[in-house]
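Please read the structure below before turning to the comments.
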Amino acid sequence: MKRVYPDKEFCIGCHLCEVACITAHSESKDVVIAYTQERREKGITSCKKVFEKGHTCVAVSCRHCDEPACVAACISGGLHKDPKTGRTVYDREKCVGCWSCLMACPYGAIKRHPVENKIIKCDLCQDREEGPACVAACPNLALKFEER
Amino acid sequence: MKYVIIGNGIASIGAIEGIRQVDKENPIMVIGAENAPAYGRPLISYLLAGKIKADRMALRPTKFYELNNVELKLGTTVAGLDTQKKIITTEKGEEIEYENLLLATGGAPFTPPIPGAEGAGVYNFTNLAHAQELIGTAKDIKRAVVIGGGLIGLKAAEALFDRGVDVTIVELSDRVLSLAFDENAASLAAGRLDEVGLKVRTGVSVKEIQRDAEGYVVGCHLTDGGFLQTEIVVIAIGVVPNYNLAKDANVKVDRGIMVDDHMRTNAEGVYAAGDVAQALDMLAGENRVVPIWPNAYNQGFCAGKNMAGRDTGYSGGLAMNSISFYGLPTISVGTVNPPEDDKNFEVAMKLDEKKKSYRKLVFQNGNLVGYVLVGDIDQAGMFTSFVKFKLPIEAETRAKLMAGEPDALHWPDEFFNETWNPEHTEE
């Protein structure tokens, strides 16, 4: 399956992937409205996390592992592997906000929603025909969406 | 039958998914003593609290069993196992032959002999039926006593309290959550319960449950001479591995059913997983019964793959608990209460009582082997990586961890690249 692979040699730490992620998961799909209004009012949060150490940066998100620790830890059936696509799928309705996945994922790829008892996790922009928005937005090709 | 699974909890789900990674065809039979398809057992406290409805309990979609060619035999208890003839016998006398058998019978509530405990008004809290019973009872009562201040006891108490019941928790040791958490975390959690209005009594236990002439529970006599008026008692002291079926069939049992690094028992074709199994614990380096959710799934998954013929080793479980008390989240992973006199351990703590925020890191010989987070839990996963992958921790990394900022860029370079940006194909 295709996954998003971050390359720390190329990441410049600009956070544009985060902005693109928020926009892609907004209702308006407008970068300014998404970042200002929807982020504030609905708590839209980027699925990406940018780490920085000196001059090195990297933007990571859910790896869609073959055998994910989050699925094993989920007490509600809110996380599962889609046997057809291979994606690690999140069912918001089933989630009870117990944070077991957030604890179990050793890649730190799960966040708490700022206002609701729900999690934020990369869905590989499943409804976006062109593929993940973060990859498209990266100005230095530090994020690649491909089969490996 | 090629695959038979006794038990219908999360280990069983793991096993089905493990088998289906390898073998998409041969039928699987799952035998469950309860009447519902596999549900999220920890969700029973959410159900009792009224936070979710019964239709949200199922762990997998309704079609899961059909799609995976699983025959589900519910409401069925297995009474006998013959590992020579490879046959199990149900309580009703039905005989089922197996090629590969998984014992995933879980745990049973432990009830100490308390005078007066026999009879109506005394409950356990480990399954869906218990929760449903308590929902019915809660309407008609004012007071409840919960015996046991562990995770199950506190969640049962919280849920009953949410139903308008006046609850007192009675815990024998000097603090609640003594197993999974340390003193500071337990005190923050207890403080939160106290703020809301639950009563916690530590250092005492229930000596006798008092009943009236008609047999109704009226109160509990405590070991300190006190008396608590109550209409019901919930006993939540703990669970013990439910291994009698295995033991009676001469499957090797210690504290739980003994399994090797492939989840195999000593009987040919018989595997065990979940709360009933005594399997490898990663940090202890030996087999232990660690009855926690992710271990059960992972053991089931590993057993399933082996049952279907794919040689798969079990890398060992890691104890972890994530639980919230009235919105105060707490997480504990690995070793959180190291032996005090052992110089190989080092502990770093940061407690802010006002903000109800706490972080404890436990190092052993320089490695991170456990941590506790209360309040600010967002970095938990990254802390888990250092424990789970046993990553080396240099001075700079240690400073970052102690500041509460664990970071993937502090992983060894090679490991980082293999994980996040591998060059070669995975499959």
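Name the strands (runs of 3 or more DSSP E) wholly inside the range B:226-288 in which the number of residues that are loosely packed, with under 15 Cβ neighbours inside 10 Å and assigned by TED's automatic domain parsing to the domain that holds B:LEU160 is 1 or more.
Where strands (runs of 3 or more DSSP E) fall fully within the range B:226-288 and carry at least 1 residues being loosely packed, with under 15 Cβ neighbours inside 10 Å and assigned by TED's automatic domain parsing to the domain that holds B:LEU160, they are B:227-229.
List pairs: first residue in the range A:66-93 and on the phi > 0 side of the Ramachandran plot, second residue buried (at least 23 other Cβ atoms within 10 Å of the Cβ) and in a loop (DSSP other than H, G, I, E, B) anywhere in the structure, Cβ distance under 9 angstrom, at least six positions apart or on different chains.
So the pair list comes out as A:GLY77/B:ALA38; A:GLY77/B:GLY40; A:GLY77/B:LEU59.
Taking the conditions exactly as written (surrounded by fewer than 20 Cβ atoms within 10 Å (Cβ to Cβ), of a type in the set (A, V, I, L, M), outside any strand (DSSP E or B) and at the interface with chain A (Cβ under 10 Å from one of its Cβ atoms)), does B:ILE13 satisfy them or not?
So B:ILE13 fails the test.
Filter the range B:37-46 down to residues that are more than 8 Å from chain A (Cβ to nearest Cβ) and within 19 Å of A:ASN117 (Cβ to Cβ), then give me how many there are.
2
Each row is one residue, and each column tells you yes or no for (1) closer than 19 Å to B:LEU59 by Cβ; (2) modelled with pLDDT of 95 or more; (3) within 11 Å of chain B (Cβ to nearest Cβ).
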residue: A:VAL60; (1), (2), (3): no, yes, yes
residue: A:VAL71; (1), (2), (3): yes, yes, yes
residue: A:GLY78; (1), (2), (3): yes, yes, yes
residue: A:PRO83; (1), (2), (3): yes, no, yes
residue: A:CYS98; (1), (2), (3): yes, yes, yes
residue: A:PHE145; (1), (2), (3): no, yes, no
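Taking the condition of being within 19 Å of A:CYS74 (Cβ to Cβ) and polar (S, T, N, Q), how many residues in the range B:56-94 meet it?
Residues flagged as within 19 Å of A:CYS74 (Cβ to Cβ) and polar (S, T, N, Q) within the range B:56-94 amount to 2.
Which members of the range B:54-105 meet the condition of being touching a helix residue (DSSP H, G or I) at 6+ places or on another chain (Cβ under 7 Å) and at positive phi?
Result: no residue meets the conditions.
Return the residue satisfying two criteria in turn: it lies in the range B:366-386 and is farther than 25 Å from A:LYS111 by Cβ and at pLDDT 95 or above, and of such residues it is surrounded by the fewest Cβ atoms within 10 Å (Cβ to Cβ).
Step by step, filter the range B:366-386, then rank; the result is B:ASN367.
Can you tell me how many residues in the range A:113-148 are on the phi < 0 side of the Ramachandran plot and either not in a loop (DSSP other than H, G, I, E, B) or not charged (D, E, K, R) (or both)?
The number of residues fulfilling the criteria is 23.
Go through (1) within 14 Å of chain B (Cβ to nearest Cβ); (2) closer than 30 Å to B:ILE292 by Cα and name the single condition A:ARG87 misses.
For A:ARG87, the exception is condition (1).
Does at least one position in the range B:169-182 carry a residue that is surrounded by fewer than 21 Cβ atoms within 10 Å (Cβ to Cβ), over 22 Å from the mean Cα position of the chain (by Cα) and either closer than 13 Å to B:VAL145 by Cβ or of a type outside the set (Asp, Glu) (or both)?
Taking every residue of the range B:169-182 in turn, none turns out to be surrounded by fewer than 21 Cβ atoms within 10 Å (Cβ to Cβ), over 22 Å from the mean Cα position of the chain (by Cα) and either closer than 13 Å to B:VAL145 by Cβ or of a type outside the set (Asp, Glu) (or both).
Has the range A:88-101 got any residue that is part of a helix (DSSP H, G or I) and outside the structural domain of A:CYS138 (by TED's automatic domain parsing)?
So far as the range A:88-101 goes, yes, one or more of its residues are part of a helix (DSSP H, G or I) and outside the structural domain of A:CYS138 (by TED's automatic domain parsing).
Among the residues in the range B:86-97, are any within 14 Å of chain A (Cβ to nearest Cβ) and surrounded by fewer than 19 Cβ atoms within 10 Å (Cβ to Cβ)?
no
Quick one: B:ILE5 ticks every box in (1) assigned to a loop (DSSP other than H, G, I, E, B); (2) of a type outside the set (Lys, Arg); (3) more than 18 Å from B:THR126 (Cβ to Cβ) except a single one, so which number is it?
With respect to (1) assigned to a loop (DSSP other than H, G, I, E, B); (2) of a type outside the set (Lys, Arg); (3) more than 18 Å from B:THR126 (Cβ to Cβ), B:ILE5 is out only on (1).
Which members of the range B:395-424 meet the condition of being assigned to a loop (DSSP other than H, G, I, E, B) and touching a Pro at 6+ places or on another chain (Cβ under 9 Å)?
B:PRO412, B:ASN421, listed by residue number.
Among the numbered criteria (1) in contact with a strand residue (DSSP E or B) (Cβ under 7 Å, 6 or more places away or on another chain); (2) outside any helix (DSSP H, G or I); (3) away from chain A (no Cβ under 12 Å), which single criterion is violated by B:PRO392?
(1) is the only condition that B:PRO392 fails.
Residue-by-condition table, conditions (1) within 14 Å of another protein chain (Cβ to nearest Cβ); (2) outside any strand (DSSP E or B):
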position	(1), (2)
B:GLY313	yes, yes
B:PRO338	no, yes
B:LYS343	no, yes
B:VAL362	no, no
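Note down all Cβ pairs under 8 Å where the first residue falls in the range A:112-135 and is not assigned by TED's automatic domain parsing to the domain that holds A:SER46 and of a type in the set (A, V, I, L, M, F, W, C), the second is surrounded by fewer than 13 Cβ atoms within 10 Å (Cβ to Cβ) and modelled with pLDDT under 95, and they're at least six residues apart or on different chains.
Between residues of the range A:112-135 that are not assigned by TED's automatic domain parsing to the domain that holds A:SER46 and of a type in the set (A, V, I, L, M, F, W, C) and residues that are surrounded by fewer than 13 Cβ atoms within 10 Å (Cβ to Cβ) and modelled with pLDDT under 95, there is no close pair.
From the list A:GLU52, A:GLU93, A:GLU41, which residue is of a type in the set (D, E, K, R) and away from chain B (no Cβ under 12 Å)?
A:GLU41
If you scan the range B:52-63, which residues turn out to be assigned to a loop (DSSP other than H, G, I, E, B), free of Cβ contacts under 8 Å to residues at least 24 places away in the same chain and under 18 Å from B:ALA159 (Cβ atoms)?
Result: B:ILE52, B:LYS53.
Being more than 9 Å from every other protein chain (Cβ to nearest Cβ) and among the basic types (Lys, Arg) is the filter; apply it to the range B:47-78 and report the residue that is surrounded by the most Cβ atoms within 10 Å (Cβ to Cβ).
Restricting to residues being more than 9 Å from every other protein chain (Cβ to nearest Cβ) and among the basic types (Lys, Arg), the top hit is B:LYS73.
Step by step: first the residues of the range B:395-422, then only those that are surrounded by fewer than 13 Cβ atoms within 10 Å (Cβ to Cβ) and out of contact with any helix residue (DSSP H, G or I) (no Cβ under 8 Å at 6 or more places or on another chain), then the one that is nearest to B:LEU351 (Cα to Cα). Which residue is that?
Only one residue tops the list, namely B:ALA403.
The values are calculated or read from the model by the stated rules, or taken from the named source; none is laboratory data. Since this is a predicted model, take the numbers as computed values, not measurements. Backbone-built Cβ (ideal geometry, glycine too); neighbour counts: all protein chains shown.
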